[in-house]
1. Taking 0.36 nm per intervening residue step and subtracting the Cα-Cα distance, what contour gain separates residue 11 from residue 140 on full extension?
2. Would you kindly give the portion of the calculated P(r) for the range 127-278 that falls above 23 Å, as a percent of all Cα pairs?
3. Per 5 Å bin, what is the whole-percent P(r) computed from every C-alpha pair distance within the range 251-337?
4. Among all the aspartates and glutamates, which ones have a C-alpha under 18 Å from residue 213's C-alpha, if same-chain residues fewer than 8 places away are not counted?
5. For the range 1-66 and the range 314-378, what is the centre-to-centre distance using only Cα atoms, to the nearest Å?
6. In whole Å, what is the distance between the alpha-carbon centres of the range 120-140 and the range 151-213?
7. If a paramagnetic tag sat 7 Å from the Cα of residue 328 along the Cα-Cβ line, which residues of the range 275-301 would have the backbone N under 11 Å from that point?
8. Under 1.5 on a/c is rounded, so check that first for the range 202-377, then, if it is not, pick prolate when a/b is larger than b/c and oblate when it is not; a ≥ b ≥ c are the square roots of the alpha carbon gyration tensor eigenvalues.
Amino acid sequence: MARLQRYSGQSLGLRPHIVVLGSCKVGNFVVSTPVVRGLRARFPDAVIGFLGSELTADFEDAFTAIHWRLSWDDPTPAAGWNLQQQLREHIRLHGPVALAVNLDGFNPVTCTLVPWLDPAYVAGGSLSANLRRPLPWGDLPQQRFLADPDWDSPAFLERYAGVFSSNYISELFCQLAFVADQVDPTAIELPVSEPPFEVPDLLIHCTTARAAKVWPFAHWRRVVEFALDQGWSVGLVGSPPSAQQEAYNAGDGEEALLATTALKDLRGRTSLMQLAGAAQRAKAVISVDAGPLHIAAAVGTPTLAVVGNDADGVGASPIRLWLPRCANVERTIANETCRACSDNRFRNDACLVAGHPCMASVEPEQVVKWLASVMIKE
């Protein structure tokens, strides 16, 4: 049989070797967990490997549906050579790869790794066997949606009526692997571990890698001061301060909050599993559209997503695609409607409109009201 064929739900035989390729972003890994559990449910005797990221390695190592994992973004010397050797060894031990599922299918690295695996079937992005061109997507809805330029709009669901029930990225992942009938894509479970500190009542996360999704720090100050006035302890989570400033658009906003309030600095003090444990123990979590939002949502804590989207979902974040679908999560509603990001397919880093109206119009009192209602219930 010719290899590197488009997967359309075929049986994979006895004890198939399946390799899932993941992203280097926290949120992407969180929403990919249902598809891996779906593969495990459909192919209970399969050996499932995971090519993931150093960033999410602790989650991946603890995920019981995975038999083996490697990082495609290991920065150590000779990492590329070592990865090839390790892949060969896993193929020797577990047999040729029956199915490669690329959940980071627009990344040139993962698209190049897929043909290296020489799988019989491919779901998601890949180069052709000779590495000269992209592998054609295929004609089935579960295949060709990957070529669709707009996954976040109501029109997307109209185009795939009867196939997809939502725009939610986790469902799209399950659809492309043909396991949507095996698992609830909204039910996300994460491993947790104890954090190395006493967990405050409220955890906040203020930054993102995309500046268009940042909420003004003056608004954050109002929320922090309100919580502290009520006698609730508040902790700031995120990467180490230098990374927050370099990669996550913190500027001097976080340092100013820490210098002028009793906000506790917990940045860089946890692994991802410990962050999940901290979020699970907190009474509430407030986060912009970033990885910690997905972690808090998954562990069941009352969580508010601070997004600059209006009542119809139009705004800075592709929330139809990415907002967690669980009962413990609510979102803010912007008072201003701005289509600049959606018209640009969310490819912009910074805001495209002077004054950042969508995020700025999310008034602090909206967040304060949510926080008061949640903490009173507690």
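Every number here is computed from the coordinates shown, using simple stated rules; none is lab data. The model shown is predicted, which means the values in this text are computed figures rather than measured ones. Please note: Cβ atoms are built from the backbone with ideal geometry, for glycine as well, and neighbour counts cover all protein chains shown.
1. Gain on stretching residue 11 to residue 140: 44.8 nm.
2. It works out to 58 percent of all Cα pairs.
3. Computed distribution, short to long bins: 3, 14, 20, 21, 19, 15, 7, 1.
4. Qualifying aspartates and glutamates at Cα under 18 Å: 152, 246, 252, 254, 289, 310, 312, 330, 336, 343, 349, 363.
5. A separation of 32 Å, based on Cα centres.
6. Distance between centres, Cα-based: 25 Å.
7. 276-285, 295-301
8. Rounded shape, in that the Cα axes give a/c under 1.5.
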